[in-house]
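Engineer: My questions all concern the structure below.
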Amino acid sequence: MVTAVAGQVEIRAERGPDREPIRRVQTAAFDDDGHVAGLVDMLRAASAPLPPLSYVAVADGRVAGHVMLSASRLDALPRLVDVYVLSPLGVLPEFQGRGIGTRLVQHALAAAEGRVPLVFLEGNPAYYGTRGFERADELGFRAPSLRIPPPAFQVARLPGHEAWMTGTLVYSEPFWALDCVGLRDHQALWRCAAAPR
């Protein structure tokens, strides 16, 4: 993938030395104890039909944001379809509001084109609805858990999507192992899903 440079922010594929800065980004962005960073580690190591895609935003000489696409499957009637899930998306708090999250989402969707027909996520529809995502249940898709609020279950249909590709999203094992699916209580944010950062 060719590196994309926009303004003072460089979007590029994750490299080995980026792992610790990515942990710091996700921990700070989600204000948690490393739970989301643990999800990233598990998604990197998971055996899957598609390789994970992981991108960082570098600003002022440091990793300021991170987005990951990981393999999941759509259980469509004719057959299983390989898809990506965009999660997590995080930006360091001091860099939020500068469009870095938007650039990471755009880069991730461009990277997914030609690889998969669909990209799913759990997140704020007001944020992702202006960045290529649509409410998935209204398009014939079923969420992997009843704990995902319907407006938060979203999909980006890419050029390879065909009308028969509807059905139930099946998350990969790391999301279940870390209980990063939907909400456990209605006061919580999507700790382990893509959030508007």
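Engineer: For labels at residue 19 and residue 94 in the simple 7 Å Cα→Cβ model, what's the distance in nm?
Structural biologist: 2.6
Engineer: Testing the spin-label approximation: label points 7 Å from Cα along Cα→Cβ at residue 62 and residue 80. State their distance in nm.
Structural biologist: Placing both labels 7 Å beyond Cα along the Cβ direction yields 4.2 nm.
Engineer: Follow-up. For the chain, with a Gaussian network of springs between Cα atoms less than 10 Å apart, report the residue from 35, 161, 66 with the top mean-square fluctuation.
Structural biologist: 161
Engineer: Apply the Debye scattering formula to the stretch 4-177, with a single equal point scatterer on each alpha-carbon and no solvent, then give log10 I(q)/I(0) at q = 0.11, 0.15 Å⁻¹.
Structural biologist: -0.43, -0.82
Engineer: Just want the ordering: 172, 70, 145, from fewest to most Cβ atoms lying within 10 Å of their own Cβ.
Structural biologist: Fewest to most other Cβ atoms nearby, the residues stand as 145, 172, 70.
Engineer: Could you give the dipole magnitude of the stretch 4-177 about its Cα centre, charging the beta-carbon of Lys and Arg +1 and that of Asp and Glu -1, in debye to the nearest 20?
Structural biologist: 240
Engineer: Related question: Would you calculate a helix-derived [θ] at 222 nm for the chain, using -39,500 (n - 2.57) for each DSSP H run of n ≥ 4 and dividing by the full residue count, to the nearest 500?
Structural biologist: The per-residue figure over the chain is -6500 deg cm²/dmol.
Engineer: Tell me which of 29, 120, 11 sits at the most positive position along the dipole axis of the chain, charges placed on C-beta atoms (Lys, Arg +1; Asp, Glu -1).
Structural biologist: Final value for the positive-end residue is 11.
Engineer: Let me ask another. Using Cα pairs closer than 8 Å and at least 6 residues apart in sequence, work out the relative contact order for the stretch 4-177, in percent.
Structural biologist: 21 percent.
Every number in this text was worked out from the coordinates using simple rules, so none of it is lab data. Everything numeric in this text was worked out from a predicted model, so none of it was measured. Positions of Cβ are generated from backbone atoms using ideal geometry, with glycine treated the same way; all protein chains shown enter the neighbour counts.
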